[in-house]
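*Asks:* Dropping a structure here in structure tokens format, bear with me for questions.
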Amino acid sequence: MASLAIQSLDALEQRFLEEAVEAPVKPPESMQWVGTCLSIAGVPLLIGEGELEEIIETPNVMSIPGTKPWVLGVGSHMGGLIPIISGDVFFRGRSYAGRVRDYCMVLRRPGFYFGITLSGLERDMKFPVELRDMDTPVDPDFTEYTLGGFADQERFLAVLDIDKLIADDDLSNAAANDPELREELSND
């Protein structure tokens, strides 16, 4: 009886060796950069997850006298008013031609709460962190506000660094600085 049991175990072991399949090996997970691809002034950019508060339809704005040309005005948002900045004028120094800027991204940081018009919206994207390229040149109008980027098929998508944007002296002071106007006021 004992030999029959041993023969059965040997047969079972042999069958297992012949028919067994290796357990699948899960590849090691890589860190992923996650964000949204959108366009400002016709330039596709990436914004990191959690960097923007939301994307909204560009509200009707009321202009604010005495502000820089890139300030479109203030618009209603969530029961309050926020400044709306023209992405085209701020980054490119000129107004856009063509399609209306239907959307804007809302940014909120301590001391800053505003919207920037967008020229396009794409989708959320993920890239392996190790593929972030810090050396590829980006559009000169955006260079000082970006921090590397990722290759996406035939194009390079720079990552817009919101902290660099917020630190910009021009953005932090939207009052128009017209030297002739100051001179006229001091002569009166």
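*Asks:* Please identify, among Val100, Val25, Val138, the residue showing maximal mean-square fluctuation in a Gaussian network model of the chain using a 10 angstrom Cα cutoff.
*Replies:* Per the Cα network of the chain with a 10 Å cutoff, Val25 tops the list.
*Asks:* Where the centroid of each part is defined by its Cα atoms, how far is region 64-126 from region 7-62 in Å?
*Replies:* Result: 32 Å between the Cα centres.
*Asks:* Same structure, new question: With angles folded into 0 to 90 degrees, how steeply does helix 2-19 sit against the dominant principal axis of the chain? Use alpha carbons for both and round to 10.
*Replies:* 40 degrees
*Asks:* Separate question: So I have (i) 1.38; (ii) 1.10; (iii) 0.96, and one of them is Rg/Rh (Cα atoms, Kirkwood Rh) calculated from this model. Which one is it?
*Replies:* It is the value labelled (i).
*Asks:* Further, regarding this structure: Straight-line reach from Lys164: which lysines have Cα under 24 Å away, leaving out those fewer than 8 places along the same chain?
*Replies:* Lys68, Lys126
*Asks:* Tell me which trypsin sites (Lys or Arg not before Pro) from region 72-122 have a DSSP coil assignment and no more than 13 other beta carbons within 10 Å of their own.
*Replies:* Numbers: sites: Arg92, Arg94, Arg99, Arg101, Arg108; in loops: Arg94, Arg99, Arg101.
In loop regions of region 72-122 (DSSP not H, G, I, E or B), the sparsely surrounded trypsin sites (Lys or Arg not before Pro) are Arg94, Arg99.
*Asks:* Further question: Rank these for me by crowding, Phe16, Phe142, Phe114, going from fewest to most other beta carbons within 10 Å. Numbers along the way, then the final one.
*Replies:* Working: Phe16 9, Phe142 17, Phe114 21.
In increasing order of surrounding Cβ atoms, one gets Phe16, Phe142, Phe114.
Read-outs: derived from the displayed coordinates by stated rules, not from any lab. Fair warning: this is a prediction, and the values are worked out from it, not measured in the lab. Because the Cβ atoms are built from the backbone with ideal geometry, glycine has one as well, and the counts that use them run over all protein chains shown.
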